[in-house]
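The values are calculated or read from the model by the stated rules, or taken from the named source; none is laboratory data. The structure presented is a predicted model; accordingly, all values stated were derived computationally and were not measured. Reconstructed Cβ throughout: ideal geometry from the backbone, glycine too, with neighbour counts over all protein chains shown. The area values use the complete protein model at the heavy-atom level, side chains included, leaving out ligands, DNA and RNA. Shrake-Rupley method; radii C 1.70, N 1.55, O 1.52, S 1.80 Å.
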2 protein chains.
Amino acid sequence: MNHKVSIKDIAKIANVSIATVSNVINGTGRVSAETASKVNKVIRELQFVPSASARSLKDKNSHLIAVVVPFVEKGILQDNPFYWELVRGVENGARFHEVQVILLGIDEHEDFSFVKGRHLDGLIVVGVYEDSAAYAKILSLGVPCVFLDSYLSDPKLYQVDLDDEAGGYLGTKHLIGLGHRAIAVLTGKVEQGGVNDHRHQGYLRALQESGIPSLPELIFEVDSSAQGGYQAAQRISGCRQKISAVFAFSDISAMGLIRGLYDIGLRVPDDISVVGFDDIFYTQHMIPSLTTIRQDIVSKGQTAVNMLLDQINGTESPRRKVTIPVSLVVRQSTIPNKKI
Amino acid sequence: MNHKVSIKDIAKIANVSIATVSNVINGTGRVSAETASKVNKVIRELQFVPSASARSLKDKNSHLIAVVVPFVEKGILQDNPFYWELVRGVENGARFHEVQVILLGIDEHEDFSFVKGRHLDGLIVVGVYEDSAAYAKILSLGVPCVFLDSYLSDPKLYQVDLDDEAGGYLGTKHLIGLGHRAIAVLTGKVEQGGVNDHRHQGYLRALQESGIPSLPELIFEVDSSAQGGYQAAQRISGCRQKISAVFAFSDISAMGLIRGLYDIGLRVPDDISVVGFDDIFYTQHMIPSLTTIRQDIVSKGQTAVNMLLDQINGTESPRRKVTIPVSLVVRQSTIPNKKI
DNA sequence: CTGAAAGCGCTTACAG
DNA sequence: CTGAAAGCGCTTACAG
């Protein structure tokens, strides 16, 4: 289209130097009100927008951050809608600060060269493990980061986590309160000290508190996916222990589980009670609606952005680690244990 | 951290000029194999990554595209997981071409200055209407665009749409085949010539083909959301016509509807059959699982990226308009009309 | 209060 | 095959 207008064009038309135009734009230096308004007028007329590339070439910051999420398989992002919620939160928080968000899936071969290449101001990293290659590479980048759901041990790191232990505890406690004793858990992949491990710890604490022994055969380490939950149904119904309740560590696996149980003739909640985790938006529309542990995913994303920007701007907030609270939402998928 | 290494550092160490380094990096000009390998070695050693800002300052293209999606309310993205699927497709397609993706929610006040500011190479725009302010502004930008689900009349525009009319036809035909005659539709917001209008046209065609009169009282223009579907349940059960089947133009509203019907004592499919639209991943895990019109959302995103990049690179493909096919997936939510 | 000039890290004709 | 130089659009000391 129309040959891109630059600061030079503005300067020429406004009859000032480019330095002055720059000063007007950035509110730096001292400019007379008169000159400023003259320049601003021209800027408006020509719809001038400063070049981000030129700026970041000098400045050394790009007002660009990336949300880094792991791929499931090569090249394709996780299909858990959880990520969408998170990204919505990040977009929302970033927008408020005039920063733009690049979305980025990574696998173990990612070399993160784009971080340098694009002069990214910072990274929001979701779910990396301490011993992963990605983690090491990210740290070596020396760029501001906020880690989500990662439970990293280094206290210097900025992290946003959920109170997973409390979630595990609350869900289990709820079931115990309903008279259930043989409570199975669908943990998803358990990494030492990771999200699911913490939820599991909460489960154990609740059990212990009520003097219920924890049985290893009640732990099902199946995939955190609908398929994973679906497949678990078989194993649960075939279990020696007559399981009366299941706590799935993700709504998505709870959904698969319920469907799986249904297909082998078991009804929720009549035959088995089920508790999920996350409170993904559609849990309330399921039949039966799902009792679950609620977390505010959008606010998690917003919190992460804010921490990242504080870090970038040197407004070092004292809080390096934020824990988002959870709560229990009781719906229809859990009822008192009838065999009591 | 370590003072950013530039092309100059490489040149100095490799004992060549910066022009040569540039040529090696880009495979341009003529460079002896010897020199090239020497330069490459230094690049590798210093882990040099060229600056995207500096490049785009010269080049005039940034290898950055944006996915533009409308906000529901101010500042927050739609919560329909449909968008996540789409974004996954775009990320995947873009990755393959070494382009990065900015995610951007817009409302009617968006001025799109970031497009100029960031020198974006192109835009993938989801669901804008011909008479919207956003549409006019986007066109005036003069930047390559691909419009998704927008049904714009200008034949010059690059567009990816779904075969919505066929979808509307297939779903309705399926219900008619099962003996249903009083078939209600939950349309979502109908814009003249838009997505839902096309689906509605398909519905009308199927009806007409079977000699079934179309009754205006069977058209429910409720929100394409779980809430919208939920609220429609009341009106549907209270309708004069004894409705035996409902075709919801989104899975998300079908889900809300089924739940709403359930809450007032109506069972799907026994009392009412329901067909959805989209085949969002969890439809197969619902109880009953949902009969729906399937579209491949991920491939829609991929197609859009490819068209956009062809356009950017001047590899003008002859196809300006691509229509993604739909198919019917029969599951448990539809059964023969018993009152026949 | 305002302007001339250097420089950010590249690419691209143009010489040689 | 290789290099010196200009220039992309800004910002930032530094003069005046």
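Tabulated data for the structure shown
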{"item": "With Cα atoms, 0 to 90° folded angle of helix A:297-312 axis to chain A main axis", "result": "40 degrees"}
{"item": "Cα gyration tensor shape of segment A:7-50, rounded if a/c is under 1.5, else prolate or oblate by comparing a/b with b/c", "result": "rounded"}
{"item": "Structure-based [θ]222 nm, chain B - -39500 (n - 2.57) summed over DSSP H runs of at least 4, per residue, nearest 500", "result": "-12500 deg cm²/dmol"}
{"item": "Check: the protein assembly as shown dipole with +1 on Lys, Arg Cβ and -1 on Asp, Glu Cβ, in debye", "result": "860 debye"}
{"item": "DSSP-defined beta bridges in chain A - what % are antiparallel, rounded to 5", "result": "15 percent"}
{"item": "Fluctuation leader among B:166, B:33, B:248 - chain B, Gaussian network, Cα springs under 10 angstrom", "result": "B:33"}
{"item": "Simple Cβ-charge dipole of chain A, Lys/Arg +1 and Asp/Glu -1, about Cα centre, in debye nearest 20", "result": "880 debye"}
{"item": "For residue B:154, net neighbour charge (Lys/Arg +1, Asp/Glu -1) across residues whose Cβ lies under 12 Å away", "result": "+2"}
{"item": "For chain B: accessible area per residue (Å², 1.4 Å)", "result": "44 Å²"}
{"item": "Occluded residues from segment B:89-107, i.e. those whose accessible area drops by 20 Å² or more once the chain is not alone (1.4 Å probe)", "result": "B:91, B:92, B:95, B:100, B:101, B:102, B:103, B:104"}
{"item": "Tensor-based shape of chain A (alpha-carbon gyration tensor, a/c under 1.5 rounded, otherwise prolate or oblate)", "result": "prolate"}
{"item": "Loop-resident sites, segment A:121-218, for GluC sites (Glu not before Pro), counting at most 11 other Cβ within 10 Å (DSSP)", "result": "none"}
{"item": "Set of lysines near residue A:321 by C-alpha distance (under 20 Å), chain-local residues within fewer than 8 positions excluded", "result": "A:156, A:300"}
{"item": "For segment A:7-50, size of Cβ-based charge dipole, Lys and Arg +1, Asp and Glu -1, in debye", "result": "40 debye"}
{"item": "Once exposed loop trypsin sites (Lys or Arg not before Pro) are cut out (DSSP; at most 16 other Cβ, 10 Å), longest piece of chain A", "result": "A:75-155"}
{"item": "Highest-fluctuation residue, B:161, B:223, B:59 considered, GNM on chain B with Cα pairs under 10 Å", "result": "B:59"}
{"item": "Residue among B:42, B:99, B:69 with the largest mean-square fluctuation in a Gaussian network model of chain B, springs linking Cα atoms under 10 Å", "result": "B:42"}
{"item": "Solvent-accessible area buried by B and A, counting both chains, probe 1.4 angstrom, square angstrom", "result": "5700 Å²"}
{"item": "For the protein assembly as shown, share of DSSP beta bridges that run antiparallel, in % to the nearest 5", "result": "15 percent"}
{"item": "Among B:120, B:23, B:225 the positive-end extreme of the charge dipole of chain B (Cβ point charges)", "result": "B:23"}
{"item": "Accessible area of the protein assembly as shown belonging to carbon and sulfur atoms, whole % at 1.4 Å probe", "result": "51 percent"}
{"item": "Signed unit charges on C-beta, dipole axis of segment A:1-142, positive-most listed residue A:132, A:66, A:33", "result": "A:33"}
{"item": "In segment B:19-112, GluC sites (Glu not before Pro) in a DSSP loop with at most 14 other beta-carbon atoms within 10 Å", "result": "B:98, B:108"}
